[in-house]
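The values are calculated or read from the model by the stated rules, or taken from the named source; none is laboratory data. None of these values were measured; they are calculated from a predicted model. Backbone-built Cβ (ideal geometry, glycine too); neighbour counts: all protein chains shown.
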Amino acid sequence: MTNPIPCTVYQSRQLREEYRKYRHPSGLDIYVFPKKMTATYALFGTKYGSIHNRFRMEDEADWVNVPDGIAHFLEHKLFTCEDGSDAFERFSDYGADANAYTSFNKTCYLFSCTDRFEDSLGELLDFVTHPYFTPESVAAELGIIGEEIRMYDDNPSDRCFYGMLEAMYEHHSIRRNICGSVQSISKITADLLYRCYHTFYRLSNMALVVCGDVTDEAVLRIADQYLPQQAEQKNVLCVNENDAEPADVFQAYREQRMQVSKPLFNIGFKDTDIPTNGQARQRKDAAMAILNEMLFSRAGKLYNTLIEKELMSPSFSYGYSISESTAYNSLAGEADDPKAVLEEILHYLSKVSEEGLSREDFLRGKRVMYAEFVKSFDSTDSIANNLFSFICEDSELLSYAEILEQITFEEVCELMKTAFRQNVTCLSVILPLEGSTNQQ
């Protein structure tokens, strides 16, 4: 390298963690998080997921609409190389464990290894930056992904979750399955895949994250071998992923029948008060995480009441999700009468709103969330994936610990006033098939 690559250092004395960010001449941001662990983990990701199905470049007048599931389809097809080989095979030859995933707002290609890191990193950068799609290969993939879609459609927990999103959102593309449908993927062509690839897989829209016992010099040297030394000159991308979504839920209740022994439920609380600033979104995420821990944890009154009254099974999960265009709270479990569970939860939340939150519960919630965040640094896998998630939200990983500490009791009390209103609440239920002996 003739010119030094600009470097930004991120440190947390509190966590005793540090990582560095480099802006490669190609336009790619490279993050190196040194960690003395056995396994090294690398992730090459793009800020492109299933919700980005309507877009244009800044100098284009017309919007491009693509079929649902195309981001996931593209992820599958990238592993097939022009010579007919499969990138998975080469990772296996290097002794690396490779994988990929598509979410609502990102696509990631990754590997974990204990040896031959540089070979695996070169392979990762090489196959992701060299797409090869043909009509024949697209047609061959339709059956494979169609089977995957049918598998998810037959999964009751998955269908219950998407039922919640379908009830919650009227327009937003988050209400549609990440994989798309058998009908939607049938419209995918090689030309459309190239269009999406060249739009969203620009290196300036991507990031490489490496976490493990590696040197910055080794990572940058491999990047120089496989990446161009000049950034692409392209117009700014415009994405339209939220067509005037109303504040209220689309439907209050949605049910489906599947092969289950006991009904499943997902309770959703829609949130359209989304900060435009990434750091502000992370602060709200931290405050909501603390509030959820106060209200819904196994140590709380609500959970124990639901169990004592035998309203639901012990298995119960909850979480808050926020991104640039969507935010919602979700509670999931198993119960003979999900409507009774929702009624009990809403009654409890109304009572808490009247009587006020407990400062003792607030302090406990903060300690729990801080401990969980610290624990996430015990794994190179968790570090890399969490770091890229923060990158996609234009925020910074290590500062989240400070944000958690800064959250005040009064701040959480303010959230409580609006987070669980009736007009933002929906219930998705999977009931046993009609005629089942367990049917209510």
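Against the definition (under 25 Å from residue 417 (Cβ atoms), out of contact with any helix residue (DSSP H, G or I) (no Cβ under 7 Å at 6 or more places or on another chain) and surrounded by 14 or more Cβ atoms within 10 Å (Cβ to Cβ)), how does residue 342 come out, yes or no? Considered against the rule, which asks whether it is under 25 Å from residue 417 (Cβ atoms), out of contact with any helix residue (DSSP H, G or I) (no Cβ under 7 Å at 6 or more places or on another chain) and surrounded by 14 or more Cβ atoms within 10 Å (Cβ to Cβ), residue 342 comes out as yes. Counting only helices (runs of 4 or more DSSP H) wholly contained in region 356-436, the ones carrying 2 or more residues that are touching a strand residue (DSSP E or B) at 6+ places or on another chain (Cβ under 7 Å) and surrounded by 18 or more Cβ atoms within 10 Å (Cβ to Cβ) occupy 380-392. Can you name the residue in region 149-180 that is part of a loop (DSSP other than H, G, I, E, B) and among the acidic types (Asp, Glu) and, of all such residues, is farthest from residue 342 (Cα to Cα)? Restricting to residues being part of a loop (DSSP other than H, G, I, E, B) and among the acidic types (Asp, Glu), the top hit is 154. Is there a residue being of a type in the set (Lys, Arg), touching a Leu at 6+ places or on another chain (Cβ under 9 Å), farther than 21 Å from residue 162 by Cα and in contact (Cβ under 8 Å) with a residue 12 or more places away in the chain anywhere in region 263-285? Looking through region 263-285, at least one residue is of a type in the set (Lys, Arg), touching a Leu at 6+ places or on another chain (Cβ under 9 Å), farther than 21 Å from residue 162 by Cα and in contact (Cβ under 8 Å) with a residue 12 or more places away in the chain.
As for region 126-133, it holds no residue that is over 19 Å from residue 327 (Cα atoms), within 18 Å of the chain's Cα centre (by Cα) and in the same structural domain as residue 226 (by TED's automatic domain parsing).
Restricting 363, 404 to residues that are aliphatic (A, V, I, L, M), more than 29 Å from residue 167 (Cα to Cα), out of contact with any Pro (no Cβ under 8 Å at 6 or more places or on another chain) and touching a residue at least 60 places away in the same chain (Cβ under 8 Å) narrows the list to 404. Quick one: in region 95-117, of everything that is in contact with a Cys (Cβ under 8 Å, 6 or more places away or on another chain) and under 21 Å from residue 35 (Cα atoms), which residue is surrounded by the most Cβ atoms within 10 Å (Cβ to Cβ)? Top of the filtered list is 96. If you filter region 118-162 down to residues that are surrounded by 14 or more Cβ atoms within 10 Å (Cβ to Cβ) and aliphatic (A, V, I, L, M), you find that the one that is nearest to residue 210 (Cα to Cα) is 121.
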